[in-house]
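Working notes, beginning with the structure itself.
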Amino acid sequence: METFTIRARARAPLPGTGRQAIVGVVASGNLEILLERSETDNDVVVDVATSARGFRAVWEAVVADFVTRSSPGGVRFSIHDNGARPDTVTLRLLQGVKLLETQP
Amino acid sequence: MRDWTRQKTERATRMDAAAPFADGKVVAADNATDMLRRVIKSGDRVCLEGDNQKQADFLASCLAQVDPADIHDLHIVQSGLVLPEHLDLFRLGIAKKLDFSYSGPQSGAIARALDQGKIELGAIHTYIELFARYYVDLTPNVALIAGVCADRDGNLYTGPNTEDTPTIVEATAYKSGVVIAQVNKIVDKVPRVDIPGDQIDFVVEAPRPFYVEPLFTRDPGAVTDSQILMAMIALKGIYAEYRPKRLNHGIGFATAAIELLLPTYGEKLGLRGEVATHWALNPHPTLIPAIESGWVEQIHCFGSEVGMDRYMSARPDVYFTGKDGTLRSNRLMCQNAGLYACDMFIGSTLQIDLAGNSSTVTPDRIAGFGGAPNMGSDAHGRRHVSDAWLKAGREAAGGAGPLVRGRKLVVQMVETFGEGMKPAFVEELDSLALARKLNMELAPVMIFGDDVTHIVTEEGIANLLLCRNADDVEQAIRGVAGYTPVGMARDRAKVEALRQRGVIRRPEDLGVDPMEANRNLLAARSIRDLVTWSDGLYSPPSKFRNW
């Protein structure tokens, strides 16, 4: 198990008013993400706990691309990863912000 | 004076020696090994029928029992080397040289045996390439084949798994060789004659039915969201774009996902009747929903598939069947169909390099080629046109020249990371290291880059037809290679320029929404769903049942 935190700045705060959302499952090759609107302005925090060691550079690249593509300002992501591939991570991150955005 | 009939004389001598062990053409199972001792001589070329699926397993175990002091240095010429007994022949010193096509489950054992010098390797062929050599310089002296049943005259019913049998028998029987068939049962009258009795010398009723490997069953329950996304990208960016009506699918999960998306996402795109109507394809259970939804006109099969027999017998308008009602497959014919009569091949691979060359070889496994290099190649002898073929050719030519011929669409679908987070995109194929280690003159490459037209990953499509030089190709490949080291080393400006030219197309460029990529889009989400779609006609093997 490896844990680390990645910080980034988004272009804008995430629209919508949803406070909290959860997507994915903790299964082999998959991951679970908890999203909380707990950061200020455009700050993005991603806490990663992953079963696969040695992929921090890949995580940083995935998060950087995701923050550019989406705009999840003010959101803290807590990730429990069980060997998901980067494309699955991206998909779950996108699904997560969509859910948080559209929540009442 | 030269004797022009040595082969016929030799054959007669062997047949006479074997006669005491046979009652006419019928040989009792207990006598099979003794009969083989009389029929086979050291140094013979022997085809021990191992097809992709059907295995002459009883005759293989009999041959493994001969004394290597009596019979040795056999040259094995067979398409599939997939049983432990096949390797035993080399381990025991009965066989020495090998020419083959596919090894599947024995890929690790073959690599070890080559490394230890137990096997003298001729070449790894494609199926039709090896079949072709049966008629030129690798004609078998003896063929040991498998069928469902035979009568006492040797008329043979192969069952739905006809596969390679007619091709092997033709080459052997008409060149003074000896053909021996193992059958599950000797009967008074066969349901249909797949091989006429006068091409068969001996029949043996085996103690148990021959082994058939289920190779083409993909459980919809194991299809991932990423594979669904890739299938959507392929349907929108390639099927809808080029409209290939005649095609072949590989056996991976990505193409299974396409099959399961035809009645849902494909229907939404309005593609029914416009694409994928005529197939050279094994009986994929995952195609059942599309067949039942009216997508498919007809399918010719290389082999059969365990559990699909009743379904295919009930759909003779779609499948090729005999007068007895069961499927007739034929690997040679179907490979030829895939080579010359299909506009598209789409399949998966393990590794792709920066020039688009692909391979399934890893440092310790030699799986062989099977049919993929033929399915996945542009047939330069093709002379008939189709819209898909011409469109691909024109893209490659850039509109230049008065004589623009078409191109076959050869599409590789790969997830950027394979099992165990192994990157699918590499600077150098593992097969090159293997070739150096084993002193092979030609590294095993499944599909050469110059035949590949498109690469599809979860990041998008790289259209190699529109690339104008090696640098374009490299950056196009890096540009869809995701977060692999090859993908991370992309030149971002060049990749963006390729995207502007339409060489690279992202899901958003195609109007594909990744959020839609989930299992609700599959026409069947389990093996059980496939059974329901088939009206109960499909009976999956027990390892795929959970009920």
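None of the figures in this text is laboratory data; all of them are computed from the coordinates on show. Since this is a predicted model, take the numbers as computed values, not measurements. Neighbour counts are summed over all protein chains in view; Cβ atoms, including those assigned to glycine, are modelled from backbone coordinates with ideal geometry.
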Given R₀ = 41 Å, what would the calculated FRET efficiency be for B:GLU120 paired with A:ALA27, taking r from the Cβ atoms and rounding to 0.05?
0.30
How would the range B:165-242 be classified by its alpha-carbon gyration tensor: rounded, prolate or oblate, with rounded meaning a/c under 1.5 and the a/b versus b/c comparison settling the rest?
prolate
Chain lengthening between B:ALA433 and B:ARG152 when straightened (0.36 nm per residue, less Cα-Cα):
96.0 nm
Please give the residues of the range A:28-44, grouped as numeric ranges, whose backbone N is less than 13 Å from a label point set 7 Å along the Cα-to-Cβ vector of A:GLN20.
A:34-38
Which of B:PHE21, B:ILE200, B:LEU130, positive extreme of dipole for the range B:13-212 (C-beta unit charges)
B:LEU130
For B:GLY418, other-chain or 5+-apart residues with amide H closer than 5 Å (H placed, Pro excluded) are B:ALA424
Before rounding to the nearest 500, sum -39500 (n - 2.57) across all DSSP H runs of length at least 4 in the protein assembly as shown and divide by the residue total; then give [θ] at 222 nm in deg cm²/dmol.
-8000 deg cm²/dmol
FRET efficiency, 1/(1 + (r/R0)^6) with R0 30 Å, evaluated for B:TYR211 and B:SER526 via beta carbons
0.65
Which residues qualify? For B:GLY368, with a placed amide H closer than 5 Å and at least 5 residues away or on another chain, they are B:SER103
Over the range A:2-102, relative contact order from alpha-carbon pairs under 8 Å, at least 6 apart, %:
42
For the cross-link pairs A:LYS98/B:LYS268; B:LYS54/B:LYS422; B:LYS245/B:LYS268; B:LYS236/B:LYS408; B:LYS245/B:LYS391, which exceed 22 Å when the distance is taken from alpha carbon to alpha carbon?
A:LYS98/B:LYS268; B:LYS54/B:LYS422
Run the simple label-point estimate for B:THR5 and B:ALA355 please: 7 Å along Cα→C-beta, distance reported in nm.
5.4
Give me the angle, in degrees from 0 to 90, between the Cα long axis of helix A:56-69 and the longest principal axis of the Cα atoms of chain A, rounded to the nearest 10.
30
Averaged over residues of A:76-88, the number of beta carbons from other chains lying within 10 Å of each residue's Cβ is 4
Centre separation in Å (Cα based) which lies between the range B:220-268 and the range A:31-64
31
Is the range B:293-343 rounded, prolate or oblate when judged by the Cα gyration tensor, a ≥ b ≥ c being the square roots of its eigenvalues, rounded requiring a/c under 1.5 and prolate requiring a/b larger than b/c?
oblate
Among the aspartates and glutamates, which have Cα under 13 Å from the Cα of B:LYS323 when same-chain residues fewer than 8 positions away are ignored?
B:ASP194
Looks like the range B:220-528, by Cα gyration tensor root eigenvalues a ≥ b ≥ c and the a/c under 1.5 rounded cutoff (else prolate when a/b is bigger than b/c, oblate otherwise), is rounded
Cross-link partners among aspartates and glutamates for B:LYS175, C-alpha distance below 15 Å, same-chain residues fewer than 8 apart left out?
B:GLU10, B:ASP44, B:ASP137, B:ASP198, B:ASP201
Evaluate E = 1/(1 + (r/R0)^6) for B:MET488 and B:ARG405, where r is the Cβ-Cβ distance and R0 equals 30 Å; express this FRET efficiency to the nearest 0.05.
0.20
Would you tally the net charge around B:ASP343, using a Cβ to Cβ cut-off of less than 13 Å, leaving B:ASP343 out, and scoring K and R as +1, D and E as -1?
+3
Compute log10 of I(q)/I(0) for chain A with the Debye formula, placing one identical point scatterer on every Cα and leaving out solvent, at q = 0.24 Å⁻¹, to two decimals.
-1.36
Helix B:225-234 versus the longest principal axis of chain B: what angle, 0 to 90°, nearest 10, using Cα atoms?
80
